[in-house]
Amino acid sequence: MTSYRPIALALAALLMLGACATTPIDPGLLDNARMALQQATDAGAEEYSPLELRFARERLALAEGHLEDGDHDEARYVADQAEVEAQLALARTRAALARAELARKQRELEQIEADISEVFGEEAIAR
């Protein structure tokens, strides 16, 4: 009678080794951070939010290093930080652009009021 015990043990050992193998690298692991960084850059963060943009780039580079080293968990964690920094850079850039647009509109309004006042007098401007 043939004993199946050694075969079963060998199979179990192979299954355990297979379970311990590293998972393949997720190619999209850094995509969200890269996309957020690109959006911030395209919006003008280099001018309006350079510090946050620099932090985002540094964290993305760090995440790429962790990914190359096979430390996927740390790569994901740092990539998430890079994405948040890039989103912050984008938000601050949009806020700065909105403030600049508001200032431009206020100057236009002041010019229109000055023109009306010149033509119709001060009393034509109701405040």
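The values are calculated or read from the model by the stated rules, or taken from the named source; none is laboratory data. Remember, predicted model here, so these are calculated numbers, not experimental data. Methodologically, a virtual Cβ is constructed for each residue, glycine included, from the backbone with ideal geometry; neighbour enumeration extends over all protein chains shown.
Considering only the range 35-49, state which residues are out of contact with any Lys or Arg (no Cβ under 8 Å at 6 or more places or on another chain) and surrounded by 19 or more Cβ atoms within 10 Å (Cβ to Cβ).
Across the range 35-49, the qualifying residues are Ala36, Ala40.
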Close pairs (8 angstrom Cβ cut-off, 6 or more residues apart or separate chains): in contact (Cβ under 8 Å) with a residue 24 or more places away in the chain and within 15 Å of Ala61 (Cβ to Cβ) in the range 31-44, part of a helix (DSSP H, G or I) and of a type in the set (S, T, N, Q) anywhere | Ala36/Gln87
Only one of (1) without any contact (Cβ under 8 Å) to a residue 24 or more places away in the chain; (2) surrounded by 14 or more Cβ atoms within 10 Å (Cβ to Cβ); (3) out of contact with any His (no Cβ under 7 Å at 6 or more places or on another chain) does not apply to Val78, and that is (3)
Look at Glu83 and say whether it is modelled with pLDDT of 95 or more, touching a helix residue (DSSP H, G or I) at 6+ places or on another chain (Cβ under 7 Å), surrounded by 14 or more Cβ atoms within 10 Å (Cβ to Cβ) and under 24 Å from Asp26 (Cβ atoms).
-> yes
Evaluation of Gly70 against (1) under 22 Å from Gly28 (Cα atoms); (2) at pLDDT 95 or above (one fails), failing number | (2)
Return the pairs, sorted by first residue and then second, in which the second residue is surrounded by 10 or more Cβ atoms within 10 Å (Cβ to Cβ) and at pLDDT below 90, the first residue lies in the range 98-127 and is closer than 30 Å to Tyr48 by Cβ, the beta carbons are less than 6 Å apart, and the residues are 6+ apart or on different chains.
-> Glu113/Ile125
